1. In Å, the Kirkwood hydrodynamic radius of region 261-341 over pairs of distinct alpha carbons?
2. Pairs of Cα atoms under 8 Å, at least six residues apart: use those to get the relative contact order of the chain, whole percent.
3. To the nearest 20 debye, what is the magnitude of the charge dipole of the chain about its Cα centre, counting +1 on the Cβ of each Lys and Arg and -1 on the Cβ of each Asp and Glu?
4. Starting from the 7 Å offset along Cα-to-Cβ, what nm value, one decimal, do you get for the label separation of residue 215 and residue 249?
5. Could you tell me the calculated FRET efficiency between residue 161 and residue 103, based on Cβ-Cβ distance and R0 = 51 angstrom, to the nearest 0.05?
6. If you rank 429, 373 by fewest surrounding Cβ atoms within 10 Å, what's the result?
7. Rank the residues 284, 217 as a footprinting-exposure proxy: fewest other Cβ atoms within 10 Å of their Cβ go first.
8. Largest first and in whole Å, give the semi-axes of region 173-257's equivalent ellipsoid, each being the square root of 5 times a Cα gyration tensor eigenvalue.
Amino acid sequence: MADIKALLTSVSTQLRKAQNALFGGKYEEARAQVESAAAGLAEAKAQDPLHVQIKTMESQVAKLQKDLAARSGKGSPAPATPPAAPLASAAGPASPALPAGVAKRIRDIRALLERKKVSDALGVLAEIEASYGGQFPGDHPDYVAIRETLAQAQAASDQASQAREQAAASARRQQDEMSRQSEEWLVRLRAFAPHGAATFGHFSQSVEDLLAQKTAHADALPVWQAFQAEPFPAGKSEQLAALEASLAASFEQFPSLLDRCKGELAGEVMAKIAACMENLGKEHEGLPAILGRTDREQIEQQVAALEPLLADDPARWQGLTAAMNELTARDQANRRERAGKIAPRADAYSGADAEPIRRCAEQLVLKECGGARAIQTVIYKPEWAESTQWESASGTQRLVTRRDIYAQVVADCAGARQLFTVYITKELRSDKTWSELGGNVMYSDEMAPP
């Protein structure tokens, strides 16, 4: 057996639906709801005949049945009390006055409808039927008019509610579509912007980094172009819009930024070449200057490193290689001129240890250039130069007395004749004897072939 509270709640709902259907002209639906409510009310009354709500609901059922009969034309029940005698007038019979409580509630309904409170107005109408049912004619013009007005207001309210629900559903669908499409593109765009910024479009002086940026830009560009062409009818999420703004800046500035980086790197090498060219125009000790090995190797390495970066910049690459070729040609010309002027100095030493000095110089040259063949060796200083000074050895300072002298060795080395200038030294031991000879090759100059 159903709980009486649940039964009465169901009956109340059915009566409200019947009332709404009646106002909307849906008589069959209203009749079905009234019959269902009457059955539920009978079951509730069997459980508790004295329940406070039963009498009120019975009045509502009776009133709805009467109104249904009147509106649907299927008979008209006799009124509970004889109608009041009509008042004669020139305009025709006048309607009887409504009970004061009904008239007040009709005014309340109008006020509620002006404030768009349709649900509250329906509640007031239910109060009229519950409290005053059978106490006034159901076809009273004021009562009929307010019911029709309320029915129209409810229909309009239902229509507005349906429109709001449709708009909300459309907004949800749009939001879902925006989220789906935005998330799809976030995944694709983040592939080359893992931390919210592109992996290209930033200044660098590293050729390796710039080449990596070029590759990343080339890989990302087709995806970016597809994204730009994609319609977003539902809009874009905030995350996607922010990423788009960041990437747009990177794509826009990358070409000019890359060109700037190329220009600065190539400019550094060009400046180095220009400085070397200027030096080659000078003389040192009456001999034309030549390009040092360190400078030459550094420039060659820098130019080689720039080649892949400047592969798509022929004008800049051609300018760089032309400057490099000009430097090489000038260096070779100076070397040829210099070689014709290079000759060993006069042999000026006649000490008893001259031969050991020469052998030491030749051994140092052989160590410098494996396979070298000595042609002539001279000692161009007339005597040893002796000095005493503090020197550091393994982090320890010690006072050292040493003797130094200089020699030159003419030797064939690596297919060319060269003049090696050699430093020779020996150190005074603690027992006042001199150490073995040592030293190093200071530099070499290419000589004219024999």
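1. For region 261-341, the Kirkwood estimate is 13.3 Å.
2. It rounds to 8 percent for the chain.
3. 1680 debye
4. About 2.7 nm separates the two model spin labels.
5. That pair, residue 161 with residue 103, gives E of 0.95.
6. Final ranking by Cβ density, sparse to dense: 429, 373.
7. 284, 217
8. Semi-axes from the Cα gyration tensor: 27, 11, 10 Å.
Where a number appears in this text, it was derived from the coordinates with a stated rule and is not lab data. Since we're looking at a predicted model, the values are computed, not measured. Cβ atoms come from the backbone with ideal geometry, glycine included; neighbour counts cover every protein chain shown.
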